[in-house]
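Beneath this line is the structure, given in structure tokens, with notes to follow.
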Amino acid sequence: MIRLADYRPRSARRGPVHEVRRPRFPVIDAHNHLGAAFGGSWAERPVDELLAVLDEAGVETLVDLDGAAGDRLSAEVERWQARAPQRLVVFAGLDYEAWEADAAFGDTEAARLRDSVARGARGLKVWKTLGLRARDPHGRLVAVDDERLDPLWVTAAELDLPVVIHIADPIAFFQPLDPTNERYEELTEHPDWHFWPTRPAGRPDAPGFPPFDELLAAFDRLVGRHPATTFVGAHVGCAAEDLGLVSRMLDGHPNLFVDIAARVAELGRQPYTARAFVLRHPDRILFGTDAPADGAVYRLHYRFLETSDESFDYSTDEVPGQGRWQVHGLGLPDDVLRAVYRENARRVLRLDRGRGRAVEPPA
Ligand SMILES: [Zn+2]
């Protein structure tokens with residue numbers, strides 16, 4: 001008898017396979033990481049090599065969410081965006097740890113964001129640290145919709161800067177690690193992704209992590225309270241297992257967009273619901289991978305979005321990291337593909353208004 005962990009079943013199903021080598025339309029990868037801290041290899045490789053990979057994959061522009069702030073941001077802008085401002089876009093970040101010693105952390109972050117824009121940042125990335133780990137000077141978790149952060153969101157709107165925001169994580173990460181947990185193997189490998197135990201619902205002062213639904217409800221309130229701020233909910237609005245919830249949020253908030261980064265596994269296991277979701281919100285969904293730029297990874301995404309192939313691997317790894325299942329293609333129509341691949345991101349990144357275009361030096 002083999003152990004379950006060693007089981008490597010291969011599908012015996014015979015059926016059409018449509019490899020998509022090039023996307024049907026140019027692509028913007030609106031969620032990626034080029035920073036060294038994220039284990040990506042690109043931080044060490046020449047920018048021309050990255051552009052060659054993107055050319056080959058039909059990717060016009062890539063968004064690097066790893067800009068952080070201060071001198072690190074300047075270095076990241078210099079390394080990528082300054083070399084190809086139409087093709088590589090760098091986002092700024094926040095300094096969550098500093099909040100513990102700063103009662104005015106919202107104003108501080110707003111000022112930092114202004115500085116980041118002066119250094120070239122073209123958006124703000126907010127990590128799931130907000131809501132799950134970042135604490136105020138009293139040692140309390142800062143809620144996703146904490147009013148002390150309002151100056152930050154208002155400043156983002158004023159600067160016309162999109163905010164890519166990651167709240168919570170897969171629902172299974174907020175459930176006990178027992179034999180019924182659908183992400184058991186992944187959580188065993190990454191115990192720091194397990195937000196357990198959670199505190200009882202409606203008890204913000206009790207110990208434990210906030211439950212998933214409370215985090216999403218706070219996110220919904222935040223987006224609703226700042227209609228002038230453009231939010232992109234990372235990973236399908238941070239709730240890819242509950243597309244009904246994400247759909248209601250999109251219906252309720254015209255300032256909300258979502259990206260599909262790292263969620264082919266989720267979308268592809270519910271292809272009928274996912275397809276209906278995309279067709280309902282064709283102008284609000286952004287393409288993104290959240291994976292080191294690589295031809296095979298891009299081709300997999302193209303196959304998923306463009307074809308109606310059934311039961312294929314969503315990952316190039318031998319054991320897929322987000323659960324042992326396969327996915328089914330969405331077979332999206334051309335006009336929707338064009339919007340999801342490129343047009344929606346162009347609006348969100350203000351590329352359609354000329355941002356990123358080289359400024360002519362004065363004569
Ligand atoms: Zn990411």
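Of the residues GLY237, GLY233, GLY268, GLY202, which single one is closer than 30 Å to LEU51 by Cα and free of Cβ contacts under 8 Å to residues at least 24 places away in the same chain?
GLY237
Just name the residue that is nearest to TYR341 (Cα to Cα) out of those in the range 249-287 that are within 16 Å of the ligand (Cβ to nearest atom) and assigned to a loop (DSSP other than H, G, I, E, B).
PHE287
Scanning for something in a helix (DSSP H, G or I) and of a type in the set (Val, Ile, Thr), does the range 330-337 turn up at least one residue?
yes
Please tell me if ARG8 is in a loop (DSSP other than H, G, I, E, B) and closer than 28 Å to PRO85 by Cα.
So ARG8 does not fit the description; no.
If I go through the range 328-345 residue by residue, how many of them are closer than 27 Å to ASP64 by Cβ and either of a type outside the set (Lys, Arg) or crowded, with 20+ Cβ neighbours inside 10 Å (or both)?
So the count comes out to 11.
Out of (1) within 16 Å of the ligand (Cβ to nearest atom); (2) modelled with pLDDT of 90 or more; (3) of a type in the set (Gly, Ala, Ser), what's the single condition that is false for ALA36?
Every condition holds for ALA36 apart from (2).
Hey, could you check the range 225-248 for residues that are on the phi > 0 side of the Ramachandran plot and touching a His at 6+ places or on another chain (Cβ under 8 Å) and say which is farthest from the ligand (Cβ to nearest atom)?
It comes out as CYS238.
What are the pairs, 6+ residues apart or on separate chains, where a residue within the range 340-354 that is in a helix (DSSP H, G or I) has its Cβ under 7 Å from a residue that is of a type in the set (S, T, N, Q)?
Once the first residue is in a helix (DSSP H, G or I) and sits in the range 340-354, its partners that are of a type in the set (S, T, N, Q) give VAL348/THR230.
For the subset of the range 291-327 comprising residues that are closer than 25 Å to ALA339 by Cβ and polar (S, T, N, Q), which member is surrounded by the fewest Cβ atoms within 10 Å (Cβ to Cβ)?
Within the range 291-327, the match that is surrounded by the fewest Cβ atoms within 10 Å (Cβ to Cβ) is SER308.
Would you point out which residue out of ARG112, ARG24 is more than 16 Å from the ligand (Cβ to nearest atom) and farther than 27 Å from LEU332 by Cβ?
Residue meeting the stated conditions: ARG112.
What residue, among those in the range 116-130 that are among the β-branched types (Val, Ile, Thr) and within 16 Å of the ligand (Cβ to nearest atom), is surrounded by the fewest Cβ atoms within 10 Å (Cβ to Cβ)?
The extreme case among them is THR129.
So if I check each of LEU94, LEU50, which one is under 24 Å from ASP294 (Cβ atoms), surrounded by 17 or more Cβ atoms within 10 Å (Cβ to Cβ) and not small (Gly, Ala, Ser)?
Just one listed residue meets the conditions, LEU50.
The values are calculated or read from the model by the stated rules, or taken from the named source; none is laboratory data. Here the structure is a predicted model, which is why all the values come from computation and not from measurement. Using ideal geometry, Cβ is built from the backbone for each residue, glycine included, and neighbour counts are taken over all protein chains shown.
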